[in-house]
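Peer 1: Sending over a structure as structure tokens; questions will come in a sec.
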Amino acid sequence: MVRGSAIIVGAVAVVMLATTPATPRSRFYKHKSLLSMGYKDKQIASGRWRVSGQTNEPTAQDVALALAMYRSALLVKRAGYPYLQVVKTQHVRSMDATFMQFAELEVVGVQSAAAPVACRNKDRNVHLCRNFPVDTLIAEAGAELRHSRTEIAEDLAAVSRTAAN
């Protein structure tokens, strides 16, 4: 009977693996609606955006911040800038029963890594005010969100199609 149970357990594991997505990408990288987690973005001036990310899952990673950084980098790249400058941040990680993470960034597209940073933070997140190479940020934040290289390429292609329209 033990051997039969092992076969059933093995079969269930195979079915679970076959029906489980390879990455949890779809849970995080989507436009946020009223009751869902995801990102929101708004262009507030030419070359300037306010982008937020929100998640409601228990995780040690700063998923909301990675989500906001990833979306910001895609927007800045679409606008033709090679560098993203973070000028203001708000980042909250709740340790209560909600497990809510929220990050909001104000970002500017810049042409040079040496562009002076006009940080508007007055809190402990002042270290986030700096210039980031867009392509590096897309790769690193995408990896933190567990996006595969293929998924990152798809997001970049979607950004390119949006920019062309």
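The values are calculated or read from the model by the stated rules, or taken from the named source; none is laboratory data. Quick caveat, the model's predicted, so the values are computed rather than measured. Note that we place each Cβ from the backbone using ideal geometry, even for glycine, and neighbour counts take in every protein chain shown.
Peer 1: Being within 16 Å of VAL63 (Cβ to Cβ), more than 18 Å from the chain's Cα centre (by Cα) and at pLDDT below 95 is true for just one of THR89, THR162, THR98. Which residue is that?
Peer 2: On the way: THR89 fails: more than 18 Å from the chain's Cα centre (by Cα); THR162 fails: within 16 Å of VAL63 (Cβ to Cβ).
None of the others qualify; the one that does is THR98.
Peer 1: Residue check: is ALA113 within 11 Å of the chain's Cα centre (by Cα), modelled with pLDDT of 90 or more, aliphatic (A, V, I, L, M) and over 22 Å from LYS42 (Cα atoms)? Before you say what the answer is, go through the steps one by one.
Peer 2: Numbers: within 11 Å of the chain's Cα centre (by Cα): no; modelled with pLDDT of 90 or more: yes; aliphatic (A, V, I, L, M): yes; over 22 Å from LYS42 (Cα atoms): yes.
Considered against the rule, which asks whether it is within 11 Å of the chain's Cα centre (by Cα), modelled with pLDDT of 90 or more, aliphatic (A, V, I, L, M) and over 22 Å from LYS42 (Cα atoms), ALA113 comes out as no.
Peer 1: Please verify whether the range 24-45 includes one or more residues that are within 24 Å of LYS122 (Cβ to Cβ), at pLDDT 85 or above, hydrophobic (A, V, I, L, M, F, W, C) and buried (at least 22 other Cβ atoms within 10 Å of the Cβ).
Peer 2: Checked the range 24-45: no residue is within 24 Å of LYS122 (Cβ to Cβ), at pLDDT 85 or above, hydrophobic (A, V, I, L, M, F, W, C) and buried (at least 22 other Cβ atoms within 10 Å of the Cβ).
Peer 1: Against the condition outside any loop (DSSP other than H, G, I, E, B), among the aliphatic types (A, V, I, L, M), at pLDDT 90 or above and over 15 Å from the mean Cα position of the chain (by Cα), how does VAL126 come out, does it pass? Give the steps one after another, and end with the answer.
Peer 2: On the way: outside any loop (DSSP other than H, G, I, E, B): yes; among the aliphatic types (A, V, I, L, M): yes; at pLDDT 90 or above: no; over 15 Å from the mean Cα position of the chain (by Cα): yes.
Considered against the rule, which asks whether it is outside any loop (DSSP other than H, G, I, E, B), among the aliphatic types (A, V, I, L, M), at pLDDT 90 or above and over 15 Å from the mean Cα position of the chain (by Cα), VAL126 comes out as no.
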